[in-house]
1. For segment 1-20, what are the residues that are in a loop (DSSP other than H, G, I, E, B) and in contact with a strand residue (DSSP E or B) (Cβ under 8 Å, 6 or more places away or on another chain)?
2. Taking segment 23-44, which residues are more than 23 Å from residue 76 (Cα to Cα) and either of a type in the set (Gly, Ala, Ser) or open to solvent by less than 80 Å² (accessible area, probe 1.4 Å) (or both)?
3. Of everything in segment 50-64, what is surrounded by 17 or more Cβ atoms within 10 Å (Cβ to Cβ) and part of a helix (DSSP H, G or I)? Give them in sequence order.
4. Every residue in segment 20-70 that is among the β-branched types (Val, Ile, Thr) and without any contact (Cβ under 8 Å) to a residue 24 or more places away in the chain, please.
5. Looking only at segment 1-19, count every residue that is surrounded by fewer than 20 Cβ atoms within 10 Å (Cβ to Cβ), within 25 Å of residue 73 (Cβ to Cβ) and modelled with pLDDT of 80 or more and tell me the total.
6. Would you check if residue 46 is closer than 21 Å to residue 91 by Cα and hydrophobic (A, V, I, L, M, F, W, C)?
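The values are calculated or read from the model by the stated rules, or taken from the named source; none is laboratory data. Computed from a predicted model, the values in this text were never measured in an experiment. Cβ coordinates were reconstructed from backbone atoms using ideal geometry, including for glycine residues, and neighbour counts include every protein chain displayed. We work out accessible area using only protein heavy atoms, side chains counted, and drop any ligands, DNA or RNA first. Shrake-Rupley method; radii C 1.70, N 1.55, O 1.52, S 1.80 Å.
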Amino acid sequence: MSDQEVYRLCPCGSGKKIKFCCLPVANELARVDEFVEREQHDKAVAFLEGVLKKGVSDKGARTGLRLALIDNLMRMPAETEQPAIFNQRIAEEVQQMLRDT
């Protein structure tokens, strides 16, 4: 990642610059951006879940990944999942973020 790219807004949605937010997982978030550009939110969700399962040591980066995951869950077409399951998945991610902080 170039010096200029680290000063772009972080794709996790935090409003911070990448350098001060999710730099440890910037490559993963760039991959998520590719899925989002193609409106493949289900693939973005699956990819983010895989990255989180592997483990991310930096708390801020984990939070950024979870924010990106929630964002993509909310963008998925309504028919993809049942509303109760969908809401439960978002609630679980929010709970994980609260535990991390």
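1. Result: 8, 10, 15, 16.
2. Step one: filter segment 23-44 for residues more than 23 Å from residue 76 (Cα to Cα), giving 23-24.
23, the sole residue that qualifies.
3. First, pick out the residues of segment 50-64 that are surrounded by 17 or more Cβ atoms within 10 Å (Cβ to Cβ): 51-52, 56, 60-64.
51, 52, 60, 61, 62, 63, 64 - these are the residues of segment 50-64 that are surrounded by 17 or more Cβ atoms within 10 Å (Cβ to Cβ) and part of a helix (DSSP H, G or I).
4. The first filter runs over segment 20-70 and keeps only residues among the β-branched types (Val, Ile, Thr), leaving 25, 32, 36, 45, 51, 56, 63, 70.
Scanning segment 20-70 gives no hits.
5. Pass one, segment 1-19, residues surrounded by fewer than 20 Cβ atoms within 10 Å (Cβ to Cβ): 1-9, 13-17, 19.
If we keep only those that are within 25 Å of residue 73 (Cβ to Cβ) as well, we get 8-9, 13-17.
Remaining after also requiring modelled with pLDDT of 80 or more: 8-9, 15-17.
Looking only at that region, the number is 5.
6. Values: closer than 21 Å to residue 91 by Cα: yes; hydrophobic (A, V, I, L, M, F, W, C): yes.
Yes; evaluated as a whole, the condition is true for this residue.
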